[in-house]
Amino acid sequence: MWDFKCIAAAICFTTSNILYVVHGALLMKQNSSSQNISSENDATINNNIYDDNNNYNQAQTHSHFHPINFNFTHWKDLDPLYIQSRWIQREDSRALMMTAALFGVLAWFFLMVPIVQSAWILSKGGRRLVGPHLLMASLGVVGGIIELLARLIAVGMNNAQGWLAKDFNLSDWGSEGESSGDGWRVLEMIHIVTRGMLLWIDSFEALAIFGIVIIIWYSVGLEPKFKSVKRSLSVDTGVVAGSPESENITLEDEAEESLDDDSQVVASTTQQPPSSAFEAVSASTKVKVKPTFTKCFTYFGLLVGLLSAVDFVAAVLRFINWPLFSRIAMVTQSLVGVIFLPIWLLIFSKQLGRATVSFEREEQRRIQVDGCTDDEVAGLLA
């Protein structure tokens with residue numbers, strides 16, 4: 001039995017991350033092809049984009065403009081021409097990025113319920129390791145809600161920013177109609193702040209995945225390997241009351257005795273065998289218990305968690321060395337999001353369905369046991 005929510009989450013994660021990888025590849029290809037004309041753009045900036053009074057001229061920009069590759073120096077200088085080139089590239093890829101973000105939202109939406117469900121099963125209905133499993137459920141729910149809200153807000157903000165860059169006047173903000181390009185600078189600063197918010201949200205998602213797989217591994221490792229099953233046996237060591245032999249002996253004694261000894265006859269016919277005639281024997285048998293999730297699954301989850309931790313560390317260290325750790329974060333995000341996490345979710349789907357059926361069966365048996373005698377309990381547990 002497969003859990004369809006995990007399958008849907010795996011499909012959405014794969015689609016979302018493939019779209020992000022395609023966008024990154026197209027951006028790298030565009031930047032590589034634009035290097036051949038970057039020197040021409042520099043001359044255009046000096047000779048055509050700015051007029052004789054050194055003012056930014058929007059008309060000349062559109063007539064002589066070519067998109068240029070990413071340049072960190074121009075970006076930090078908030079050069080209006082460079083910013084406008086970046087927004088033209090973002091407009092071309094806006095539909096792709098929006099689709100990827102929506103699939104990412106759906107992926108976390110489908111993943112929330114299986115994470116809470118597995119936490120409930122691993123805790124045996126809240127009867128073992130309540131704290132770690134509560135943390136696990138919280139990571140799944142909080143990660144999903146944050147992803148849902150943040151991505152929807154980001155999609156709305158990116159659409160509004162694209163509309164501003166496309167249809168609004170962002171160039172002529174001077175007091176005397178000068179083309180200073182201040183609007184492009186303001187728009188880019190807003191975009192940087194928005195991206196900074198999403199950067200830390202993506203980092204938290206990697207941290208949440210790391211915490212979830214670690215708790216699953218820890219919980220499965222502490223599950224009991226055996227369980228004791230109590231079996232009750234009754235051994236007859238003497239004459240059993242109500243047996244055919246005792247009844248025949250009693251009738252023969254009554255025929256030989258006189259009618260005056262009626263009281264003794266009554267006593268002999270109603271006498272019960274002593275308690276020592278029965279011996280109660282109880283035995284406990286150890287039965288091997290199957291783990292909720294297999295060891296291979298938990299160790300593969302540790303690999304996914306390790307890569308997610310590397311992704312989180314690289315995302316944090318990007319502020320120290322942006323080019324180096326950005327590449328590391330991109331590689332780890334591609335490996336986790338496209339390959340390892342979807343495979344882990346497909347295995348999780350198979351094992352969660354089996355664990356759910358086993359847990360529900362055990363709960364039904366436990367409910368029946370609560371109202372049974374000791375012998376009936378032993379029969380149900382056998």
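The values are calculated or read from the model by the stated rules, or taken from the named source; none is laboratory data. If you're wondering where the values come from, they're calculated on a predicted model, not measured in any experiment. Neighbour counts run over all protein chains shown; Cβ positions are idealised from the backbone, glycine included. SASA here: full protein model, heavy atoms, side chains in, ligands and nucleic acids out. Shrake-Rupley method; radii C 1.70, N 1.55, O 1.52, S 1.80 Å.
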Notebook entry, point to check: Give me the pairs: first residue in the stretch 94-106 and closer than 14 Å to Ala150 by Cα, second residue among the hydroxyl-bearing types (Ser, Thr, Tyr), beta-carbon distance under 7 Å, and six or more apart or on different chains, which are they?
Noted result: Ala100/Ser16; Ala100/Tyr20; Phe103/Thr15; Phe103/Ser16; Gly104/Ser16
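Checking the conditions here, which among Ser203, Ser219 is crowded, with 17+ Cβ neighbours inside 10 Å, among the polar types (S, T, N, Q) and modelled with pLDDT of 85 or more? Spell out the reasoning first.
Details: Ser203 fails: modelled with pLDDT of 85 or more.
Going through Ser203, Ser219 in turn, the sole match is Ser219.
Take Thr294 and tell me if it is closer than 27 Å to Tyr218 by Cβ, open to solvent by 30 Å² or more (accessible area, probe 1.4 Å) and polar (S, T, N, Q).
Details: closer than 27 Å to Tyr218 by Cβ: yes; open to solvent by 30 Å² or more (accessible area, probe 1.4 Å): yes; polar (S, T, N, Q): yes.
When the stated conditions are applied, Thr294 passes them.
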Note to self: Given (1) modelled with pLDDT under 90; (2) open to solvent by 40 Å² or more (accessible area, probe 1.4 Å); (3) in a helix (DSSP H, G or I), identify the lone condition not met by Thr15.
What the structure shows: (1)
Item checked: Close pairs (7 angstrom Cβ cut-off, 6 or more residues apart or separate chains): open to solvent by 50 Å² or more (accessible area, probe 1.4 Å) in the stretch 59-88, at pLDDT below 65 and among the polar types (S, T, N, Q) anywhere -> Gln60/Asn48; His64/Thr44; His64/Asn48; His66/Asn41; Phe70/Asn31
Next item on the list: Show the residue pairs that are 6+ apart or on different chains and have beta-carbon atoms under 7 Å apart, the first residue being within the stretch 287-311 and β-branched (Val, Ile, Thr), the second being assigned to a loop (DSSP other than H, G, I, E, B).
Entry: Val289/Pro224; Val289/Lys225; Thr292/Glu223
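Across the stretch 310-346, what is the total count of residues that are open to solvent by 30 Å² or more (accessible area, probe 1.4 Å) and in a helix (DSSP H, G or I)?
Residues in the stretch 310-346 being open to solvent by 30 Å² or more (accessible area, probe 1.4 Å) and in a helix (DSSP H, G or I): 21 in total.
In the stretch 90-143, how many are under 21 Å from Asn158 (Cα atoms) and either at pLDDT 90 or above or in a helix (DSSP H, G or I) (or both)? Spell out the reasoning first.
Taking the stretch 90-143 as the starting set, the residues that turn out to be under 21 Å from Asn158 (Cα atoms) are 90-108.
Now narrow it down to the ones that are either at pLDDT 90 or above or in a helix (DSSP H, G or I) (or both): 90-92, 94-108.
Total meeting the criteria: 18.
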